[in-house]
Amino acid sequence: MLANLTGFLIQWGITAVSLWVVSLLFNGIRFADKSSLIVSALLLGFVNAVLWPILVVLTLPLTFLSLGFFLLVINALLLLLVAKLVRGFTISGFWTAFFASLFISIFSLFLNSLMPDAEMEVYRLPPAGRTISM
């Protein structure tokens with residue numbers, strides 16, 4: 001239970017840092033205060049966990065026709081949705097959201113690669129030659 005909560009908090013922090021860095025790099029993205037940044041990170045994680053898979057399945061033919069390019073459009077639209085829902089988070093337009101979502105994906109992937117993989121520690125097999133006694 002605690003490992004799941006820790007993983008969730010780490011992901012939330014990585015998303016918040018990614019959003020903060022993107023707001024520094026892109027002029028069209030603004031946060032009014034820290035609370036809007038934290039709420040936006042939480043809502044973006046929720047939207048990516050719940051709505052993203054549904055939208056991917058619904059737009060599968062379009063995604064195939066565009067050779068996967070439409071997934072980037074879905075990411076941008078979800079980022080715009082979060083900006084609409086959170087007071088204090090503004091995005092100037094679609095193309096800003098498009099390139100910002102691309103940067104957030106790459107930067108989050110980089111930050112995730114730096115984190116230790118807690119699941120591998122839990123499910124690691126014992127060294128060869130040793131048996132597990134019960």
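Which of the trypsin sites (Lys or Arg not before Pro) found in segment 1-91 are in a DSSP loop and have at most 15 neighbouring Cβ atoms, other than their own, within 10 Å?
Arg87
With a 10 Å Cβ neighbour count serving as the proxy for reagent exposure, in which order, fewest first, do Thr90, Thr96, Thr15 appear?
Thr90, Thr96, Thr15
Quick check: pseudo-label points 7 Å beyond the Cα along Cα→Cβ at Val50 and Leu81, how many nm apart are they?
1.0 nm
Every number in this text was worked out from the coordinates using simple rules, so none of it is lab data. All of these numbers come straight from a predicted model, not from anything done at the bench. Backbone-built Cβ (ideal geometry, glycine too); neighbour counts: all protein chains shown.
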